[in-house]
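Visitor: Here it is, the structure in full.
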Amino acid sequence: MISKVCVFCASSKKVDTKYFNITKQVANEFVDNNITTVYGGGAVGLMGTLADTVIEKKGKIIGIIPEFMMNVEWGHKNISDLIIVKDMHERKRKLIEDIDAVLILPGGSGTLEETMEVITLKRLGLFTKPIVFLNTDGFYDSLFELFEKMIDKKFMREEHKKIWTSVNTPDEIISAIENAPKWDSSAIKFAAV
């Protein structure tokens, strides 16, 4: 059973409306299925929309934010469970503690950086939970092409494609998590190429 999912997403306020709408759908999907959302603690952009929607629907949400972001008032003020950490490294570690999956929404360099770390940890067998991309309108197609090139040029293995799953709509997320390929710490045995 899925009880807690970490969501990586953007803090930009200037992205297309479709990304905000998709984020609301994700929040509704999680609340309707009694899934606790864990996210970066921000108040604006997709982060803010995610939190606002979960709160409006009386769902459960946990924010994890570094102290310096609180100092510049980026933290969401209406989250009762807001964990303030020392730095970005601690935030990333805490985001994936005791969760059932990671969901990646469209985002910028911060989202990509969190994503690459969790993919690397999974490749090494240090993180074993499902990783699901919500590939809205093909947002992550270029990244998947790069992964294919990495595999083709022998920087990664074909097996490493099982590290993540991609879906196109929010209503596919829960099924993708439930049906993700099994992964465990033995992945270290084929982490190298």
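Visitor: How many residues does segment 1-11 hold that are at pLDDT 95 or above and either among the polar types (S, T, N, Q) or more than 15 Å from the chain's Cα centre (by Cα) (or both)?
Guide: Summing the residues that are at pLDDT 95 or above and either among the polar types (S, T, N, Q) or more than 15 Å from the chain's Cα centre (by Cα) (or both) in segment 1-11 gives 1.
Visitor: If Phe133 meets every condition in (1) modelled with pLDDT of 95 or more; (2) loosely packed, with under 15 Cβ neighbours inside 10 Å apart from one, which number is that one?
Guide: (2)
Visitor: Looking at segment 66-109, which of its residues are of a type in the set (D, E, K, R) and assigned to a loop (DSSP other than H, G, I, E, B)?
Guide: Glu73, Lys77, Asp81, Lys86, Asp87, Glu97, Asp98, Asp100
Visitor: Scan segment 163-193 for residues that are surrounded by 15 or more Cβ atoms within 10 Å (Cβ to Cβ), part of a helix (DSSP H, G or I) and not hydrophobic (A, V, I, L, M, F, W, C) and jot them down.
Guide: Pro170, Glu172
Visitor: Look through Thr115, Thr120, Thr128 and report the one residue that is in a loop (DSSP other than H, G, I, E, B) and out of contact with any Ser or Thr (no Cβ under 6 Å at 6 or more places or on another chain).
Guide: Exactly one of Thr115, Thr120, Thr128 is in a loop (DSSP other than H, G, I, E, B) and out of contact with any Ser or Thr (no Cβ under 6 Å at 6 or more places or on another chain), namely Thr128.
Visitor: Take the conditions aromatic (Phe, Trp, Tyr), under 19 Å from Cys6 (Cβ atoms) and either modelled with pLDDT of 95 or more or touching a strand residue (DSSP E or B) at 6+ places or on another chain (Cβ under 8 Å) (or both) and apply them to Phe127. Does it pass?
Guide: It is true that Phe127 is aromatic (Phe, Trp, Tyr), under 19 Å from Cys6 (Cβ atoms) and either modelled with pLDDT of 95 or more or touching a strand residue (DSSP E or B) at 6+ places or on another chain (Cβ under 8 Å) (or both).
Rundown of residues vs (1) in contact with a Gly (Cβ under 6 Å, 6 or more places away or on another chain); (2) closer than 15 Å to Val38 by Cβ; (3) polar (S, T, N, Q), yes/no style:
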| site | (1), (2), (3) |
| --- | --- |
| Trp74 | yes, no, no |
| Arg91 | no, yes, no |
| Ile96 | no, yes, no |
| Ser109 | no, no, yes |
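Visitor: Do we find that Thr120 is within 25 Å of Tyr19 (Cα to Cα) and either out of contact with any Lys or Arg (no Cβ under 7 Å at 6 or more places or on another chain) or surrounded by 14 or more Cβ atoms within 10 Å (Cβ to Cβ) (or both) in this structure?
Guide: no
Visitor: For residues that are of a type in the set (Ser, Thr, Tyr) and surrounded by fewer than 19 Cβ atoms within 10 Å (Cβ to Cβ), tally how many sit in segment 12-42.
Guide: So the answer is 2.
Visitor: Also, quick follow-up: Which condition breaks for Met47 when tested against (1) part of a helix (DSSP H, G or I); (2) in contact (Cβ under 8 Å) with a residue 40 or more places away in the chain?
Guide: (2)
The values are calculated or read from the model by the stated rules, or taken from the named source; none is laboratory data. Here the structure is a predicted model, which means the values were calculated and not measured. Every residue, glycine as well, gets a Cβ built from its backbone with ideal geometry; the counts of neighbours run over all protein chains shown.
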